[in-house]
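What follows draws every value from the coordinates through simple rules; no lab data is involved. Owing to the predicted nature of the structure, the values given are computational and were not obtained by experimental measurement. Don't worry about glycine lacking a Cβ; one is built from the backbone with ideal geometry, like all the others, and counts go over all protein chains shown.
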């Protein structure tokens, strides 16, 4: 049926920035203001002339910056991505396209013998299982680490040594990452870890802390950080250092950079890698069991299916689930002072955390060998580049013979002298290069670089090294392949390039996405942290063509009269702190703008292209977000314990962290007499398949000892300071023990109310309250449930799961490094598709149904203290209640009945959240003025000088109480509305700020930052 544009303006938004005839369509230097400068846009010719003619003293004119950026940027990106190899690849691309596939992008390393041009072939005989959210996944990882006999290999964007893999922490002290790895190392296991080496002032990951905290535990633990971020030596003169020393690089401040600074940050040498990150998340145990997916072993990722966002436990602090820095809300406050894991600035009696929705996997079989190949290539590349010409305690990993594509001759960078490799340590860390890279010393590098926007790298995504025992032999006794015992076909794909892997560019993940979407028969479900893609060549700077595949498949279905559905779940807002209207949120708004222009705005979006073909896009594809609520237990139970102890809950909570920290040096066993390191039973049968159930702090002389001046500032050193905290904790705990049950408010029953929107949970209207530190209406909190999955499910047959986001950073291959696995289970089950019987893959169907039920509130709450088969590594199959009443509700994703349920639930939940909490984004705010009326007047701080700023009317995420009656009647009204919420599914507000240019004057220096945001 032809589509009438008047049917529903949600189908696509008008392009308020009308493109002029002849305009090439690229985004301007600074968003739409750039169009006024370079031609086009709203400004008249006089304004354009004035803008172009400005000189500007110490600042470049806009066009000069534009030329500098693009001249340098194009050169660097060509060198890093291997575009000089383009002629040799043209015929390969044509051959691939003739097979009916999307031609690979220039610089791809072509593997004609492998599907999707991947480095790895398809592998049969694997066994695999899924984990929805971090609770079960991290429990399974803990079991596998505990059972490791020979080796543990971890590749992460971020790894937090103090992360607890089992909860609550008070009952699982030995299951902290650092303590588990130390125990493994002591029993002879070799631990090799690669983490992304962040730009130290752009991110708060503190990979230096990860490295030193773990390597100091045992010689068997080795950590590489990569890549080094080295400015070109010639660019270090002039005003470079002066401009950077006291500058925080938000998107707004980028426009103030002088030219040589811009050059240095962008990169003026082929060895410079500033933008891109190692984003893979994988863990290999004994070369036989693999974990991978969307979850890093770091703060903020552990979560249960019901996603509690309150974590106040007035009756017993031992019930804390998210200790220290792990209680985080990136929309309110970014991680700070990561090396001091217990130092959390977010008050949990006033604020919620942000829930984390994610998917990961565990598998065994021949495909594991390809992950071993990928990891060992990366490890050896870093080793050859940094350590091959000097004596260190590191060594290369053994070569593999998997049939996967091998990296060509992994050697150090060309023209790198032996002096450079073996030179003196200039910044106090052995093996690290100094500020001036290969040409000299200086310990300023870690102080040099900055935030190239607030979105810079969380968007981006995490390695160097120093300590593998000299006895670590290059040949290990791993099995060459995992046992071929399963019935699942798997293929590894990746995004890798010269900078990340010393190979020509591979983007087999993008190839897989495009081909699987085009070949899908009935439906595609996508769950991803980002959605930035192009439908052709008109959406510069976006290049990946996943959007083109989506449009082609939907238009084909529409023309053929096919019933076809695509559902996309993604975050409503990128997880960066700040009010969306503030200057500091330029990066956040830029990402949102790119996403909306991929979906329904700008002239070439997915919705618009489908509409141009004469069809209503909403009949085929819709977008959704997730959101949830909770209640902080700042009730009478908390007030009673505080009054009896004379200690506030937050002070007591700090004492809890200090008490459970152990020692800073990692000598956990000697400091806690009741803990014994795990020892595997001495049986021949024991093995993997026997499944019976950041930069703060200073390091002195290589030891994990913190600067005494810092300790003195805290009041006489850590030991004395921590003892005060521990005393507060003990006083509070003693008082809390006398509080009593108080209808569940003291016993812990109602420390969270998230069960109320899950299957079998109590009706929120029946949950008790006792007046305390705040009124009940003020205790309710809401936040977006952050979607971090990187998942595609097609036709309940094929699954793509891994680390790759749906954006250029992850899909192009020469940007962030990524890994993903393509899964097709040959074991089928009888299912339905559009009312007709359908043989579905057991793995894909169970995973999709589990996710849908969680979003709809059709799963029971998950208890982290009652592990089941979904908490175990591979060997114990996934537990799923086939043919239950709830299962039958989600069995057929294409049927009208299911679609009506899904969309009704999303609409109902959206209305309830908007009435109670006024969250943004929202379709109610199409202009900035409407945004102010709907949101800012309640939650934004009144502007003024810092000393005289007035607080907001309500705390972010809390109830807009004036929408309800005063007193108890208002509480009853709020609970009545909340009782209509089930699950976490909400509509994505596609009309949000539709009538505005969201990024305004940023994206500051857009030609410079555009690749970062896309």
Self-check item: Ellipsoid semi-axes in whole angstrom, largest first, where each is sqrt(5λ) of the Cα gyration tensor of segment 544-653
Solution: 47, 18, 9
Self-check item: In nm, spacing of pseudo-spin labels at residue 774 and residue 562 (7 Å Cα→C-beta vector)
Solution: 5.0 nm
Quiz item: Where a ≥ b ≥ c are the square roots of the eigenvalues of the C-alpha gyration tensor, would you call segment 148-194 rounded, which needs a/c under 1.5, or, failing that, prolate if a/b is larger than b/c, or oblate?
Solution: oblate
Quiz item: Distance from the Cα centre of segment 819-864 to that of segment 116-193, in angstrom?
Solution: 25 Å
Exercise. In vacuum, with every alpha carbon of segment 510-606 counted as one equal point scatterer, what does the Debye formula give for log10 I(q)/I(0) at q = 0.12, 0.22 Å⁻¹? Two decimals, please.
Key: -0.43, -1.16
Quiz item: Ranked from highest to lowest mean number of other Cβ atoms within 10 Å per residue, what is the order of the peptides 534-541, 315-322, 491-498?
Solution: 491-498, 315-322, 534-541
Quiz item: Given a cut-off of under 8 Å on Cα pairs at least six residues apart, what relative contact order in percent is computed for segment 809-968?
Solution: 14 percent
Quiz prompt | Radius of gyration, Dmax [segment 731-865; alpha carbons; angstrom] | solution = 22.0, 65
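Quote the Stokes-Einstein diffusion coefficient, in whole µm² s⁻¹, for segment 767-812, based on the Kirkwood radius over alpha carbon pairs, a temperature of 25 °C and a viscosity of 0.890 mPa s.
Estimated via Stokes-Einstein, D reaches 164 µm²/s.
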Quiz item: For the peptides 149-160, 186-197, what is the packing order when you average, over each peptide's residues, the other Cβ atoms within 10 Å and list the highest mean first?
Solution: 149-160, 186-197
Exercise. Order the peptides 752-760, 126-134 from the highest to the lowest mean number of other Cβ atoms within 10 Å of their residues.
Key: 126-134, 752-760
Quiz item: Computed over the Cα atoms, what is the radius of gyration of segment 795-838 divided by 2.2 N^0.38 Å, N being its residue count?
Solution: 1.64
Quiz item: Once segment 777-932 is represented by equal point scatterers at the alpha-carbon sites, with solvent omitted, what log10 I(q)/I(0) does the Debye formula produce at q = 0.14, 0.15 Å⁻¹?
Solution: -0.98, -1.08
Quiz prompt | Shape category assigned to segment 948-988 from the gyration tensor of Cα positions, a/c cut at 1.5 | solution = oblate
